[in-house]
Every structure is written in C-alpha cells, then in structure tokens.
Ligand SMILES: [Zn+2]
C-alpha cells in the first residue's frame with residue numbers, strides 16, 4: 001500500500017517520500033523529488049514551482 005504519495009513539483013511525477021531522491025522545505029511545506037535535477041531546479045527558484053500543488 002503506497003497511499004502516501006507526494007507530487008514532484010518540478011516534473012509533476014508522483015513520488016513516494018520513502019524513495020524520493022531528495023526533499024526541500026519551502027514555506028512550511030516539504031517537497032519531494034524524483035531526481036537530483038528536479039531538486040536543483042526547485043532550489044534555484046522555489047517560487048516558480050511551489051504553486052503547482
Ligand atoms: Zn521530477
């Protein structure tokens with residue numbers, strides 16, 4: 001059972017937090033990423049992605 005799924009805000013993929021490559025906190029929300037590239041893009045401009053959720 002993997003109901004606990006987060007959305008990677010950069011690419012829109014579903015990410016299981018337990019298997020996420022990394023995560024970043026932004027404005028009290030933790031975002032999980034499918035790849036380091038997605039995390040790096042997010043970290044460069046969180047405001048560009050944080051709305052997607
Ligand atoms: Zn991604």
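In the stretch 6-52, Cα pairs under 8 Å separated by at least six residues give a relative contact order of 37 percent. The Cα-based radius of gyration of the chain, divided by its Kirkwood radius, gives an Rg/Rh of 0.93. Among 25, 14, 40, the residue with the largest mean-square fluctuation in a Gaussian network model of the chain, with springs joining Cα atoms closer than 10 Å, is 25. Here each label is just a point 7 Å from Cα along the line to Cβ, and for residue 35 and residue 5 those points are 2.0 nm apart.
Each reported figure results from applying straightforward, stated rules to the coordinates on display, with no laboratory input. Note that this is a predicted model, so its numbers are computed, not measured. Every residue, glycine as well, gets a Cβ built from its backbone with ideal geometry; the counts of neighbours run over all protein chains shown.
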